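The values are calculated or read from the model by the stated rules, or taken from the named source; none is laboratory data. This structure is a prediction, so every number in the text was calculated from the model and none was measured. Ideal geometry is used to build each Cβ from the backbone, glycine not excepted, and the neighbour counts take in all protein chains shown. Protein only, heavy atoms only, side chains kept; ligands, DNA and RNA dropped before computing areas. Shrake-Rupley method; radii C 1.70, N 1.55, O 1.52, S 1.80 Å.
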Amino acid sequence: MKIAFDVTALYVAQGGIFYYDYNLARALLEHAAEHELLFIDYYPIHGGWIDPPELRMLEDAEILRHVKGLRHRKLSRLHFLQHSTLFPVAKWIDRTLFKPWALAADWVQEHRLAPMLEGVDVFHSSEVLLWKQPDALNVTTIYDLSALLFPEYHTDQTREIQAKKYRFAYEEADIVIAISKATKRDIVEHLGIPAERIHVVYPGCEDIFRPIQDRGELQTMLAPLGLTPGDYLLYVGTLEPRKNLLRLVEAYHRARHNLSVPIPKLILAGAPGWDFRRIFELIEVLDLEDDVRYVGRVSRTTLPFLYSGARLFVYPSLYEGFGLPPLEAMACGTPVITSNVSSLPEVVGEAGLMVAPTDIEALAQAIVELLSDSYRSDCLRDAGLFRSQFFSWKRSLIKLLNTYNTLLSAKLTLS
């Protein structure tokens with residue numbers, strides 16, 4: 001089977017989308033030697049200014065192809081024009097040039113991308129490259145529908161990109177990969193794509209996420225962050241409204257007043273996202289500057305130590321397509337508190353303490369309960385370690401390849 005896998009998103013994505021695509025690409029390289037592989041980077045989408053070190057494995061394998069094309073630029077996206085009196089003019093120019101740009105970009109794709117993919121059996125596009133290859137099984141991945149279900153938490157640009165992606169999945173893709181059953185349900189309900197066209201392939205958990213019990217090793221790795229093992233609560237993820245961090249900070253504030261003993265610090269780790277400043281404004285209003293600390297984006301090398309050193313991991317997200325951080329925390333032996341909505345119950349099962357994400361009091365009580373009850377905390381730690389073993393990238397790849405094979409055989413039979 002000749003498989004072409006789109007890795008363009010790896011040059012622009014962060015967080016879960018990046019690691020989902022990266023680990024599937026890595027699994028293909030490691031466990032699919034019997035298949036002919038081709039990785040595609042459609043260069044104009046990202047402009048070539050980001051070069052993630054993880055992608056060196058694809059360069060080294062000599063099966064990554066950079067396809068040059070026409071990059072569509074919009075004047076109205078230039079920051080200095082967005083608050084200028086010239087902004088309406090920029091919008092008018094964008095509208096006027098949109099059709100010529102689109103026609104030119106389509107022509108370039110047809111004459112550069114299509115020949116590169118000629119003869120492939122499967123073309124798997126991802127988040128940003130919307131292309132249907134003639135005579136191939138066309139597959140695309142939908143990670144979540146947050147831009148549709150929670151538009152207030154996204155920029156206009158993100159909503160526009162995702163709307164195009166949803167239309168492509170509905171109109172062009174032969175099959176859609178969803179990363180959870182919850183996402184599949186959302187796709188059926190809100191996009192109208194038939195359930196039989198949607199196949200669930202869960203993410204896996206990378207091998208680097210494991211319990212680190214050597215206290216000296218933990219202290220050495222956490223010292224640059226100013227942290228002591230066992231003396232902090234942890235959140236990991238992008239700092240953005242959908243992650244519900246305002247309610248987490250408020251719940252932490254309440255938990256401090258509900259415990260008769262000092263409560264560990266709350267550590268926020270991750271890249272700053274859209275509208276993140278409101279979090280720090282609330283921290284200041286509640287006088288928590290000494291108790292809630294932001295350590296920024298932590299390296300993949302340090303992250304297992306950060307999880308392993310935490311008393312609790314708290315992830316009260318309003319919506320997730322899957323939610324890798326709770327899985328990673330469980331794999332490191334850290335008790336998890338998370339939300340009871342979207343895909344998160346699929347991730348943690350009975351191995352995490354789940355609460356309604358909008359119930360600040362319930363979240364505060366969950367924090368107090370696990371800090372006060374060491375037996376319950378230990379039970380969740382053991383259950384989380386056991387559950388995390390069911391999510392592996394090799395298992396994800398086997399499911400994906402079986403889906404390719406089954407649908408490709410059906411396509412060939414019908415033709």
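One residue stands out among those in the range 294-307 that are touching a Leu at 6+ places or on another chain (Cβ under 8 Å) and closer than 25 Å to ARG254 by Cα: the one that is most open to solvent (accessible area, probe 1.4 Å), which is TYR294. Screening THR140 with (1) at negative phi; (2) modelled with pLDDT under 95 gives one miss only, at (2).
Every test in (1) in a loop (DSSP other than H, G, I, E, B); (2) touching a residue at least 24 places away in the same chain (Cβ under 8 Å) is passed by ASP207 save one, and that test is (2). Listed by position, the helices (runs of 4 or more DSSP H) enclosed by the range 331-415 that each have at least 2 residues that are open to solvent by 40 Å² or more (accessible area, probe 1.4 Å) are 360-372, 374-388, 393-414. Among the residues of the range 368-397, those that are in contact (Cβ under 8 Å) with a residue 60 or more places away in the chain and under 25 Å from the mean Cα position of the chain (by Cα) comprise LEU385, SER388, PHE391, SER392, TRP393, LYS394, ARG395, SER396, LEU397. Taken over the range 235-249, the criterion of being open to solvent by 10 Å² or more (accessible area, probe 1.4 Å), touching a Pro at 6+ places or on another chain (Cβ under 9 Å) and either without any contact (Cβ under 8 Å) to a residue 12 or more places away in the chain or closer than 14 Å to GLY273 by Cα (or both) is satisfied by VAL236, GLY237, THR238, GLU240, LYS243. Looking at the range 250-326, the strands (runs of 3 or more DSSP E) lying wholly inside it that each contain 3 or more residues that are over 21 Å from CYS205 (Cβ atoms) and in contact (Cβ under 8 Å) with a residue 40 or more places away in the chain sit at 292-296.
Close contacts from the range 210-223, counting a first residue that is under 11 Å from TYR307 (Cβ atoms) and touching a residue at least 40 places away in the same chain (Cβ under 8 Å) and a second that is hydrophobic (A, V, I, L, M, F, W, C) and assigned to a loop (DSSP other than H, G, I, E, B), with Cβ to Cβ under 6 Å and a gap of 6+ residues or different chains, come to PRO211/CYS332; LEU218/ILE212. Cβ-Cβ distances below 8 Å connect the following pairs, each with a first residue in the range 61-72 that is open to solvent by less than 60 Å² (accessible area, probe 1.4 Å), a second residue that is basic (Lys, Arg) and modelled with pLDDT of 75 or more, and a separation of six or more residues or different chains: VAL67/ARG112; GLY69/ARG112.
No other residue among ARG297, ARG256 is farther than 15 Å from TYR232 by Cα, at pLDDT below 95 and of a type in the set (Lys, Arg) apart from ARG297.
So that you can scan it fast, the table gives a plain yes or no per residue for (1) open to solvent by 50 Å² or more (accessible area, probe 1.4 Å); (2) closer than 19 Å to ASP6 by Cα:
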| position | (1), (2) |
| --- | --- |
| ASP156 | yes, no |
| ARG159 | yes, no |
| ARG167 | yes, yes |
| ILE179 | no, yes |
| GLY192 | no, no |
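For the range 275-293, the criterion of a residue being basic (Lys, Arg), under 24 Å from the mean Cα position of the chain (by Cα) and surrounded by fewer than 17 Cβ atoms within 10 Å (Cβ to Cβ) is satisfied by at least one position. For the range 255-268, the set of residues classified as farther than 16 Å from ASP290 by Cα and either open to solvent by less than 10 Å² (accessible area, probe 1.4 Å) or of a type outside the set (Val, Ile, Thr) (or both) consists of ASN258, LEU259, SER260, listed by residue number.
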